[in-house]
Amino acid sequence: MIHELVDYETLRVIWWALLGLLLIGFAIMDGFDMGVAILLPFTTKTDTERRIAINSIAPVWEGNQVWFILGGGAIFAAWPLVYAAAFSGFYGAMFLVLIALIIRPVGMKYRSKIFHPIWRAVWDCGLFLGGFVPSLVFGIAFGNILTGVPFYFDETLRSFYTGSFLDLFSPFPFICGLLSVSLFTMHGATYLALKTHDPITTRSKKAGVRAALVSMILFTVGWLWIKNGWVPGYNILEISGFDEPSNPLGKIVTQDTYAWLTNYRLYPWMWAAPALGYGGACLTAVLLLIKHPGKAFITSAVAQLGVISTAGLSLFPFILPSSTHPSSSLTIWDASSSHMTLFIMLASVIIFLPLVLIYTAWVFRVMRGKVSEEDVLTNTQSY
Amino acid sequence: MLDLDISQLSRLQFGLTALYHFLFVPLTIGLALLLAIMESVYVMTNREIWRQMTKFWGLLFGINFAMGIATGITMEFQFGTNWAYYSHYVGDIFGAPLAIEGLMAFFLEATFVGLFFFGWDRLSKVGHLTVTWLVAIGSNLSAFWILVANAWMQNPVGSQFNFQTMRMEMTSFYDVIFNPVAQSKFVHTVSACYVTGAVFVMAISAYYLLKGRHQELAKRSMTVAASFGLASALSVVVLGDESGYTTSQNQKMKLAAIEAMWETESAPAGFTVFGLPNLETHTNAYELKVPWVLGLIATRTLDTPLLGIKDLVTQAETRIRRGIIAYGALYNLRRGTGVPDPQTLSLFNEYQKDLGYGLLLKRYTPTVTDATNAQIKQAAWDTVPNIIPLFWSFRFMVGIGFTLIALFATAFYLSAKRRLVESRWFLKLALLSLPLPWIASELGWIVAEHGRQPWAIEGILPTSLGVSSVTSGQVWFSLIGFVVFYSLLALVDVVLMIKYIKLGPGQEPLPNLRTKRRIA
C-alpha cells in the first residue's frame with residue numbers, strides 16, 4: 001500500500017514536528033491578533049484610535065484564527081488520544097477559551113456597528129478578554145503539560161481526569177501563562193507599531209519593549225524552575241516498540257527530577273531553541289527602540305518559535321505526561337492515529353499548507369501599509 | 001462509572017450548539033454564492049448597481065458570517081471536551097475530514113473573506129471578483145468535508161476495528177470520501193443553503209418593494225433570487241429523494257422510524273402522508289397513505305419490500321447476540337499479552353461486525369456477556385429512534401420544501417411577466433416566508449441526527465458510550481453558558497440585521513465617537 005512509503009515511526013516523528021509547526025504558526029499568526037486585542041486599552045485612548053487598532057487586524061484575523069481551528073483538527077486526526085484526554089481533562093479551561101474566542105469574531109464585526117459609548121465599551125472589554133483569556137490559558141495548559149496532568153486510562157482506553165479546575169493554576173503553569181501573554185503582547189505591539197501612525201506607534205513601541213523584557217524574565221524563571229528540578233520530568237523506562245499499534249498502556253514511565261533536561265544533554269544543538277527565544281525577544285526590544293517595527297515583527301516571531309520549541313524539545317517524546325499514572329502518559333509512540341491516517345494527513349498538509357502560505361502572503365501584500373484615521377473614517381467597510 | 005445523565009446532557013449541549021451553528025451556516029453558504037453571482041454580473045456588465053448590490057448583501061453576509069464563526073469554533077472542540085471516548089474510538093477516521101476541512105476549505109474562506117470587505121479599493125475588478133468566488137468556493141468545500149465526516153457517522157465505510165488499539169481505524173480513505181451518503185448529503189444540504197440565501201434576499205427585497213424603497217436594487221435582487229432559488233429548491237427536493245434512497249440502503253431503521261412503519265410492507269410500500277403513531281400499540285391511527293411512493297423513493301423498484309420496525313428489531317436482536325460473542329472475544333484478546341490466541345482472534349474476526357450491537361448492552365450490564373434475554377430484548381428495542389419527532393419533523397420539512405418551490409416558481413413567473421412590483425400579495429407572502437428555510441434546515445438536521453440514535457456511529461458505537469468522563473455539574477455549567485451566550489449573541493445579530501436592513505444600501509461609513517476624552 002502506498003502509505004507504507006514512509007514507515008510508521010518516521011511518520012510519528014514528522015507529525016510531532018507538524019504539531020509543533022501548527023502551534024508555532026498559530027502563535028505567530030493569531031498571536032499578534034491576540035496581542036493587539038490585549039493592547040487595546042493601553043495603546044489607544046480615543047474611539048478613532050481604537051478603531052485604527054482594530055482595523056489594523058480586521059482584514060486578516062479571520063484567516064489567522066484558522067491556525068487555531070486547524071490545530072484542533074490536526075490533533076484530532078493525528079493524535080486522537082491526546083485530543084480526547086487533554087480537551088476533556090481541561091474541560092473548564094477549554095470552556096473559558098471557547099467563550100473568549102466566541103466573543104472575538106462578533107466583537108470585531110459588531111463593535112463599531114452601533115454608535116453608542118456603552119455598546120462600544122462593552123465590546124472593547126470583550127475584545128480584550130478575547131485576546132487575554134486564550135493567551136493565558138494556552139500558556140497555563142502548556143505549563144500543566146510540563147508538570148504532568150492527573151489522568152489515567154482504563155483497559156478500554158477511556159480517559160479519566162482526576163484533578164480539578166483549580167489544580168490547573170499552580171505556580172509553574174501560571175508563570176507559563178503569563179509568559180505566553182507577554183509573548184503575544186510583544187508580538188501584537190510590533191504589529192501595531194508597524195501598521196499605525198503616532199501616537200499609537202509610540203505607545204505600542206513602549207509596550208512592546210516592556211513585554212519583551214517581561215518575556216525574557218519569565219522565560220528565565222521558568223527555565224530555572226525546571227533546571228532546579230522543581231518541575232520533575234518523565235522518562236520512558238520500557239516500551240515495546242516505536243512502530244507498534246497505538247496503545248498507551250503498553251509501556252513503563254517514571255517521574256524523574258531532571259528528565260526534561262535529558263534531551264538538551266544528549267543533543268546540545270537543541271540549545272538553539274532557548275537561544276532563539278531569548279535572542280528574538282532581546283532583538284525585538286532593541287529594534288523597537290531604534291524604530292524598526294517591521295524587523296521587530298520578524299524577531300518577535302522568532303521568539304515565539306524559540307520558546308515553543310524549547311518546551312516541545314524538552315518534552316520529546318512525551319505529548320501529555322500523566323502525573324498520577326505515569327505509565328498512562330501519551331507519547332508520540334503510542335498516541336497517534338494509524339499508519340494510513342498519518343500518511344493521508346501528511347499528504348494533505350504537503351499539498352495544502354504551501355498553498356495556504358502563498359495566498360496568505362498575497363493577502364498581506366494587498367493589505368500592506370499603515371492604517372490611517374482617514375481609512376477608518378471614510379471606508380464604509382471598516383470596523 | 002458511566003452516568004447516563006452525562007450522555008443525555010452532552011447530547012443536549014451538542015444538539016443545541018449544532019442547531020445554533022446551523023442557524024448561520026446555511027445563510028453564509030447561500031449568500032456567498034449569490035454575492036459571487038451578483039459581482040460576476042457587475043464585472044460583466046460594468047453597471048454600478050450590481051456593485052452596490054454586492055456590497056449591500058455583503059454587509060448583511062458579514063454580520064451573519066461572524067456568528068457562523070463564533071458558533072463553529074465550539075463544534076470543532078466539543079468532540080474532545082464532551083465526546084472524548086468517541087474521539088478516541090473513531091478519531092482515526094472522523095478526524096481526517098475535519099482537519100482537511102480546516103486546511104483546504106476554511107483557510108481559503110476565512111483568509112479571503114477579509115479581502116472581500118477590505119479589498120474593494122485595493123484590487124482590480126476581476127481581482128475582487130476572484131476573491132468573492134474563492135470565499136464562495138471555500139464555504140462550499142467546507143460543507144463538503146464536514147458532511148463527509150457526518151456521512152461516515154451514518155454509514156461507516158472504509159474502516160475496521162483494531163483490537164490492539166481498541167478503536168476503529170481507516171482502511172480506505174477513498175471509500176470514506178466517496179461514501180454515497182456523503183454525496184447525497186452534500187448536494188441536498190448545500191442546495192438547502194442556497195435556498196436559504198435566496199429566500200433571505202427575496203424576502204428583504206420584497207420588504208423594500210413594499211415600502212417603495214431601493215426599487216432598482218430590490219427588483220434585480222429579486223430576479224436573481226427567484227431563478228437561483230427555484231433551481232436550488234427543485235434540487236433540494238430531488239436530491240432529498242437521493243438521501244432517502246441512500247438511507248434505505250444502510251439505515252433501514254431510520255427510514256422505518258421516519259415513516260412510523262411498524263410492519264414490513266409488501267412492495268411497493270406506500271407513503272404515509274398523515275397518521276398518529278402510537279408507541280404502545282405499535283400502530284398508526286388515521287393513516288392516510290399514498291400507494292407506491294415510498295417503495296419507489298426508497299428502493300427504486302416495484303418489488304423490493306421495505307422492512308418494518310418490528311422485523312428490524314428482530315434483526316437487531318440477532319446482531320446483539322452475535323455482538324455478545326464479539327465482545328467476549330475482544331475481552332479475552334485485550335487481556336492476553338504477547339501473541340494473540342489464534343482461536344480467539346478468528347472468533348473475534350468472525351463476529352466483530354456486530355461488536356457495536358454488543359455494546360448496546362453496556363447500559364444494562366457493564367460486563368455485556370452476562371446479559372439476560374430480557375436485557376437483550378430491551379436493547380433491541382433501543383435501536384428504534386424516537387418516532388414521533390422524526391415522523392413530524394420529516395413531514396414539515398418536506399412540506400416546506402414544496403411550499404418554497406411554489407413560492408420561487410411564482411416569483412419566477414411574475415418577474416418574467418414583469419409584474420413583480422405590483423403584485424403586492426406576493427411581496428407580502430415572500431416577506432412572510434423568511435423563516436421557512438431555517439425551520440426546514442433545523443428539522444432536516446433533527447431527522448438526520450436524531451434519527452441516527454441510539455448510535456453515534458451507526459451500528460458501531462452507541463452514543464451513550466461516546467461521552468467524556470466529566471461530571472454532570474461541568475456539563476450543566478457549559479450547557480447553560482453556551483445557551484445564554486449564544487442566545488444573547490443571536491439577539492444582537494438579529495438587532496443588527498434589522499438595523500442595517502432598515503438603513504438599506506448606500507449608507508455612510510460607520511460613525512465615530514467624536515470625543516477626545518479618554519475612553520475606558
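Each reported figure results from applying straightforward, stated rules to the coordinates on display, with no laboratory input. Since the model is a prediction, treat every value here as computed from it, not as a measurement. As a convention, Cβ positions derive from the backbone with ideal geometry for all residues, glycine included, and neighbour counts pool all protein chains shown.
Taking the charge dipole of the protein assembly as shown about its Cα centre, with +1 at Lys and Arg Cβ atoms and -1 at Asp and Glu Cβ atoms, the residue from B:THR369, A:MET94, A:GLY369 reaching farthest to the positive side is A:GLY369. Think of each Lys and Arg Cβ as +1 and each Asp and Glu Cβ as -1; about the Cα centre, that makes the dipole of chain A roughly 1600 debye.
Simple point charges give the picture: +1 on the Cβ of Lys and Arg, -1 on the Cβ of Asp and Glu, and for chain B a dipole about the Cα centre of about 2080 debye.
Please state, rounded to one decimal and in Å, the Kirkwood hydrodynamic radius that chain A gives when every pair of distinct Cα atoms enters the mean of 1/r. Computed over Cα pairs of chain A, the Kirkwood hydrodynamic radius comes out at 21.6 Å. Across peptide A:39-48, the average count of Cβ atoms from other chains found within 10 Å of a residue's Cβ is 3.
Take every pair of alpha-carbon atoms less than 8 Å apart whose residues are at least six positions apart; their mean separation over the length of chain B yields a relative contact order of 20 percent. Take the Cα coordinates of segment A:36-84, assign each an equal point scatterer, and use the Debye formula without solvent to give log10 I(q)/I(0) at q = 0.12, 0.29, 0.31 Å⁻¹. Results for segment A:36-84 at q = 0.12, 0.29, 0.31 Å⁻¹ read -0.44, -0.98, -1.04. Taken along its three principal axes, the alpha carbon spread of segment B:1-67 comes to 67, 16, 12 Å, from the longest extent down to the shortest.
Peptides A:238-249, B:332-343, B:455-466, ordered by how many other C-beta atoms sit within 10 Å of their residues on average, highest first, read B:455-466, A:238-249, B:332-343. Its DSSP H runs of at least 4 residues, each contributing -39,500 (n - 2.57), put the calculated 222 nm mean residue ellipticity of chain A at -23500 deg cm²/dmol, to the nearest 500. Sparsely packed loop sites in segment B:119-205 (the chymotrypsin sites (Phe, Trp or Tyr not before Pro) outside DSSP H, G, I, E and B with at most 14 other Cβ atoms within 10 Å) comprise B:PHE178. Dividing the Cα radius of gyration of the protein assembly as shown by its Kirkwood radius returns 0.98 for Rg/Rh. Taking chain A as a Gaussian network of alpha-carbon nodes connected by springs under 10 Å, the highest mean-square fluctuation of the residues A:ILE351, A:ILE298, A:ILE28 belongs to A:ILE351. Hey, how many Å between the Cα centroid of segment A:217-254 and the Cα centroid of segment A:9-85? Their Cα centres are 26 Å away from one another.
In terms of the mean number of neighbouring beta-carbon atoms within 10 Å, the peptides B:300-307, B:68-75 order highest first as B:68-75, B:300-307. Across peptide A:51-58, the average count of Cβ atoms from other chains found within 10 Å of a residue's Cβ is 1. Helix B:309-335 and the longest principal axis of the Cα set of chain B meet at an angle near 70°. About the centre of its Cα atoms, segment B:355-482 shows a dipole size close to 640 debye [charges on the beta carbon of Lys, Arg (+1) and Asp, Glu (-1) only; nearest 20 debye].
Using the alpha-carbon positions of segment B:122-231, Rg (one decimal) and Dmax (whole number) come out as 20.7, 70 Å.
Most simply put, chain A has about 90% antiparallel DSSP beta bridges, counting only bridges with both residues inside it.
Give me the inter-chain shielding for A:98-104: mean count of other chain Cβ atoms within 10 Å, whole number please. Don't skip to the answer; put the middle values down first.
Details: counts 12, 7, 1, 5, 11, 3, 4.
Counting other chains' Cβ atoms within 10 Å and averaging over A:98-104 gives 6.
Taking other residues whose beta carbon is less than 13 angstrom from the beta carbon of A:ASN64, and scoring Lys, Arg as +1 and Asp, Glu as -1, yields -2. Projecting the Cα positions of B:VAL199, B:PHE178, B:LEU210 onto the charge dipole of segment B:169-220 (unit charges on Cβ atoms of Lys, Arg, Asp and Glu, taken about the Cα centre) puts B:LEU210 furthest along the positive direction.
Which ordering of A:SER300, B:SER172 is given by a fewest-first count of other beta-carbon atoms within 10 Å?
On the way: A:SER300 34, B:SER172 15.
Neighbour counts put them in this order, fewest first: B:SER172, A:SER300.
Taking every alpha-carbon pair in segment A:289-383 and binning the separations at 10 Å intervals from zero gives 11, 19, 30, 20, 14, 5, 0 percent.
May I ask you to list the aspartates and glutamates whose Cα is less than 20 Å away from that of A:LYS370, ignoring any residue fewer than eight positions away on the same chain? A:LYS370 reaches A:ASP30, A:ASP33, A:ASP47, A:GLU49, A:GLU62, A:ASP198, B:ASP121. Hydrodynamic estimate: the Kirkwood radius of chain B over Cα pairs, inserted into Stokes-Einstein at 25 °C and 0.890 mPa s, corresponds to D of 98 µm²/s. Ordering B:PHE106, B:PHE94, A:MET186 by Cα displacement along the dipole of the protein assembly as shown toward the positive end leaves A:MET186 in first place; charges were set at the Cβ atoms of Lys, Arg (+1) and Asp, Glu (-1).
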